[in-house]
Amino acid sequence: MKNHTYIYADNSATTPLAPEALEAMMPFLTKDYYNASSLYSLSRTAKDALSEARSIIATCIGALPEEILFTSGGTESDNWAIKGRMISGRILASRIEHHAVLNSLSFSSYFPHGAARLLPVDRFGFVSSKTLESFLSNRVSLVSVMLANNEIGTIEPVKELAEISHHHKTLFHTDAVQAVGHIPVDVNELGIDFLSASAHKFHGPKGIGFLFHKKDVGLDKFMDGGQQEFGLRAGTENVASIVGMASALRVCCEQMASNSRKLKDMVICFKEIIRNALPQASFNGDSVNRLPGHISLSIPGISGEGLLHFLDLRGIAVSTGAACNSKSTRISHVLKAIHLPSNLANGTVRISFGMYNKKSDADYVAQAIIDYCRKVKF
Ligand code: PLP
């Protein structure tokens with residue numbers, strides 16, 4: 001999205017709020033501020049809005065309303081799914097999961113089934129069925145593989161992986177934070193038991209998300225207190241944000257096909273310009289099964305952080321794949337897991353266009369990257 005002269009190309013980090021979501025939220029931030037759990041008639045609007053939002057979200061992902069639990073976002077949903085299964089057995093997760101999953105695994109070594117195990121990925125970031133099969137045993141209680149990776153954009157074969165897990169009587173969780181609202185997601189079609197999502201990744205407000213949990217699949221309570229969220233997650237409901245999340249998801253789902261087409265065209269145009277000017281550059285993740293609008297670009301011999309600051313001065317926001325401090329460069333666990341050589345990893349930037357970007361943004365960002373490479377005598 002262009003804000004004055006700024007081009008925001010970091011939609012994998014967060015997205016701007018959809019105007020429809022803001023409009024839907026406003027009454028609940030002003031006149032309809034009542035507690036949705038109160039018994040008097042003033043609360044009726046909030047209560048009804050909450051159940052309508054649950055139904056809208058459920059419809060968007062092919063779930064039942066009672067299978068949707070509101071949380072504070074992707075991090076909480078991941079923590080809930082992972083920690084909720086730890087007592088029942090070992091957890092398997094891919095090496096390229098978000099830290100919300102990876103750091104949730106750290107407690108598992110205290111349980112009798114032993115530490116969680118990490119599934120390796122290939123150079124595109126895929127977890128293969130063969131790999132999963134070789135890690136599964138009757139000690140495993142949950143497999144967690146993300147639907148789409150935030151850094152390299154690869155979409156995992158979740159349907160296949162969930163099927164294999166179920167064959168071994170193991171439940172399956174997917175972190176779909178980057179996928180929901182951007183690619184079609186149907187929980188029945190995917191055959192999964194748990195799914196995490198976060199509103200701010202699909203043009204909803206920050207600090208709100210949901211966990212899908214399949215009916216009849218046991219899930220431990222996450223927060224003690226009142227009886228909100230079917231007695232599983234206590235705390236006064238964040239009605240305005242929940243309503244905003246549902247509205248944003250509906251907008252994204254309604255416009256998904258056209259947004260996706262536009263974003264794919266933008267990526268094709270961007271790649272062509274880069275390939276022509278910088279033949280040494282390469283793109284990470286799978287080229288077909290990937291998030292629309294998502295680009296992970298590696299340019300050998302440059303600093304991704306240097307490029308980020310140059311682009312920032314040009315009014316363009318992107319992220320890097322390696323974080324530098326004065327003493328060292330830390331390459332992300334995802335780029336390490338796909339065995340990207342360090343000269344490429346250090347020169348990696350993530351460009352993620354979203355539904356409010358203009359087609360011309362792809363050309364502008366690509367040209368700015370080329371300018372930087374010429375400036376540093378690439
Ligand atoms: N999972 C993935 C794949 C993410 O990209 C993120 C956020 O970047 C999260 C989880 C955490 O979500 P939230 O910011 O809503 O806590």
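Odds and ends about this structure:
- Residues (away from the ligand (no atom under 12 Å from the Cβ), under 23 Å from S141 (Cβ atoms) and not small (G, A, S)) located in segment 188-214: N188, L190, I192, D193, F194, F212, H213, K214
- Of the residues in segment 292-305, at least one is buried (at least 21 other Cβ atoms within 10 Å of the Cβ), touching an Asp or Glu at 6+ places or on another chain (Cβ under 7 Å), modelled with pLDDT of 95 or more and within 19 Å of D363 (Cα to Cα).
Condition check ((1) within 29 Å of G321 (Cα to Cα); (2) surrounded by 14 or more Cβ atoms within 10 Å (Cβ to Cβ)) across all residues:
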residue	(1), (2)
S108	yes, yes
P112	no, no
A116	yes, yes
F135	yes, yes
E151	yes, yes
I155	yes, yes
V158	yes, yes
I164	no, yes
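- If the condition is being in a loop (DSSP other than H, G, I, E, B), away from the ligand (no atom under 12 Å from the Cβ) and touching a His at 6+ places or on another chain (Cβ under 9 Å), then segment 158-182 contributes only G181.
- Criterion violated by H200 - all others in (1) in contact with a helix residue (DSSP H, G or I) (Cβ under 7 Å, 6 or more places away or on another chain); (2) under 30 Å from N357 (Cα atoms); (3) touching a residue at least 60 places away in the same chain (Cβ under 8 Å) satisfied: (1)
- When residues of segment 141-157 are limited to those that are within 13 Å of the ligand (Cβ to nearest atom) and either among the small types (G, A, S) or part of a helix (DSSP H, G or I) (or both), the one farthest from the chain's Cα centre (by Cα): S144
- Applying the criterion of at least 1 residues that are within 23 Å of the chain's Cα centre (by Cα) and away from the ligand (no atom under 16 Å from the Cβ) to the helices (runs of 4 or more DSSP H) found wholly in segment 31-135 leaves 44-60, 74-86, 129-135.
- Any chance S55 is buried (at least 20 other Cβ atoms within 10 Å of the Cβ), among the hydroxyl-bearing types (S, T, Y) and closer than 18 Å to G209 by Cα: no
- Some residue of segment 230-247 being within 16 Å of the ligand (Cβ to nearest atom), in contact with a Lys or Arg (Cβ under 9 Å, 6 or more places away or on another chain), polar (S, T, N, Q) and part of a helix (DSSP H, G or I): yes
- Residue match in segment 274-283 (condition: within 25 Å of the chain's Cα centre (by Cα) and closer than 27 Å to E97 by Cα): yes
- Being open to solvent by 10 Å² or more (accessible area, probe 1.4 Å), within 16 Å of the ligand (Cβ to nearest atom) and either under 30 Å from I87 (Cβ atoms) or part of a loop (DSSP other than H, G, I, E, B) (or both) is a property that holds for V185.
The values are calculated or read from the model by the stated rules, or taken from the named source; none is laboratory data. The structure presented is a predicted model; accordingly, all values stated were derived computationally and were not measured. Please note: Cβ atoms are built from the backbone with ideal geometry, for glycine as well, and neighbour counts cover all protein chains shown. In case anyone asks, the SASA skips ligands and DNA or RNA and just uses the protein heavy atoms, side chains included. Shrake-Rupley method; radii C 1.70, N 1.55, O 1.52, S 1.80 Å.
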